[in-house]
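Written out below as structure tokens is the structure these notes cover.
Coordinate-derived values only; no laboratory data. All values derive from a computational prediction rather than experimental measurement. With ideal geometry, Cβ positions are generated from the backbone for all residues, glycine too; neighbour counts draw on all protein chains shown.
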Amino acid sequence: MDKYCKLQKIGEGSFGKAILVKSREDYKQYVIKEINISRMSSKEREESRREVEVLANMKHPNIVLYRESFEENGSLYIVMDYCEGGDLYKRINAQKGVLFPEDQILDWFVQICLALKHVHDRKILHRDIKSQNIFLTKDGIIQLGDFGIARVLNSTLELSQTCIGTPYYLSPEICENKRYNNKSDIWALGCVLYEMCTLKHAFEAGSMKNLVLKIISGSFPPVSLHYSYDLRSLLSHLFKRNPRERPSVNSILEKSFIAKRIEKFLTPELIAEEFSHRAFHKYGAHPVPAKRPAQGQIFVSPAPAQKITKPAAKYGVPLTHKKVVEMPKKVHEKKPPSRYKQAQQTPLKKVNPGEERRKMFEELARRRRLECHEKEKKKREQINLLKQEHMKRQEKERMERINRAREQGWRSVLSCGGSGEVKAKGTAC
Ligand code: ADP
Ligand code: MG
């Protein structure tokens with residue numbers, strides 16, 4: 001710890017303290033996670049060390065970079081990069097009710113998916129995906145953090161069944177005491193996507209019991225229609241109650257509205273590295289060699305990465321498109337006559353002047369009625385607006401109370417074993 005100078009404690013998590021430090025060597029700021037392992041059994045201690053090894057192997061632009069770890073005075077210290085932009089939870093709360101544009105949401109979401117892909121492809125579960133564990137660098141890049149409780153997928157059952165995590169992100173299968181699996185991470189990913197779209201939690205309740213009931217029922221308030229069908233439909237898939245029906249992170253990344261954003265965040269070399277030939281061919285218009293590399297041969301494949309940067313592959317434009325446009329029109333293909341021409345061809349009817357005057361008065365009366373109607377509508381709209389503002393203010397106050405309770409209360413609920421009424425201060429719902 002001598003290498004670092006403590007600046008401040010930035011939080012107390014479920015597994016220990018998070019401290020902001022400054023290195024005495026490179027004078028850069030880092031975050032150190034301090035985990036007390038003195039009261040752990042030797043088995044648990046060994047597990048913590050293994051987790052740190054897992055963390056040390058994670059190198060990805062969208063994953064918080066692990067620097068080093070050491071043990072001192074009965075504590076395990078994990079040094080990682082400091083994300084100056086804070087976490088997504090704080091970023092969402094800073095919106096004060098103003099929804100994010102869809103482009104922003106999808107740019108963040110694809111980066112979270114890329115990080116999770118890196119994790120799942122290595123048969124590791126994150127197990128604590130939540131907006132508070134998703135960070136922003138000072139350049140606005142997303143980084144998934146906190147693998148403190150990630151477990152290797154193939155590890156013993158009992159570990160995978162431990163109920164840890166923030167209750168809002170618990171999946172139906174965990175609520176039903178079933179095994180945690182990669183699709184439980186996907187459920188939590190859905191919760192984060194929902195939070196980005198609505199600035200609220202998908203499943204919220206005043207008590208743990210009601211929360212669990214809501215999660216199991218799988219019903220959540222709809223997101224604004226202002227977001228695309230693609231986005232809303234993806235959300236409903238992430239929230240499938242049956243884990244098998246939820247998409248894997250790889251199939252999420254194959255969806256065209258998500259896939260087209262990947263190259264904004266990964267270099268062609270990294271895309272080639274991250275996307276195996278199995279999954280990769282879906283991203284470009286060009287087929288990927290079906291042959292696997294010969295044994296012992298290192299598979300360095302810059303070719304597909306270069307291909308994906310070609311505009312045709314990038315936007316999925318068929319290369320034959322231009323030729324089709326330039327084809328001469330076929331002579332036998334006659335255009336149907338336009339409406340205007342049709343009207344010109346129809347002879348005009350003769351009208352008598354008395355009839356016309358009557359119609360004019362009728363038209364005037366109709367317009368007056370319309371104006372009156374419009375005025376009344378405007379008045380009603382103004383009243384509604386006032387009502388909505390009042391409701392928004394009330395909702396904001398309610399959210400602030402919930403947020404305060406979230407920070408203070410849930411940990412105590414969890415530490416009590418995760419059932420019963422919430423004892424958060426100030427929760428009124
Ligand atoms: P939790 O169990 O709630 O995730 P943590 O100990 O992980 O608690 O984090 C506590 C606080 O420290 C949170 O507010 C989080 O945003 C912040 N934090 C954790 N890691 C980092 C980091 N690498 N960079 C910036 N802030 C961090
Ligand atoms: Mg955390």
Long-range tail of P(r) for segment 1-149 (Cα pairs > 20 Å, %):
50
Convex hull volume of the Cα atoms in segment 8-51, per residue, in Å³?
97
Surpassing 31 Å at the alpha-carbon level, of the pairs Lys17/Lys209; Lys28/Lys255; Lys90/Lys375; Lys33/Lys117; Lys43/Lys123, are Lys28/Lys255; Lys90/Lys375
Just tell me which aspartates and glutamates come within less than 18 Å, Cα to Cα, of Lys260; anything on the same chain fewer than 8 places away is out.
Glu102, Asp103, Asp107, Asp230, Glu269, Glu273, Glu274
Chain lengthening between Phe257 and Lys43 when straightened (0.36 nm per residue, less Cα-Cα):
72.5 nm
Stretch Leu386-His226 to full length: gain in nm at 0.36 nm per residue minus the Cα-Cα span?
55.4 nm
Segment 176-280 - Rg (one decimal) and Dmax (whole number), Cα, Å:
15.7, 48
Using 7 Å Cα-to-Cβ label points, what is the Glu245/Ile10 separation (nm, one decimal)?
4.0
Taking the Cα atoms of segment 80-133, report the difference between the largest and smallest coordinate on each principal axis, in whole Å and largest first.
37, 25, 18
Size descriptor, Kirkwood hydrodynamic radius, that averages inverse alpha-carbon separations across segment 178-228, Å:
12.0
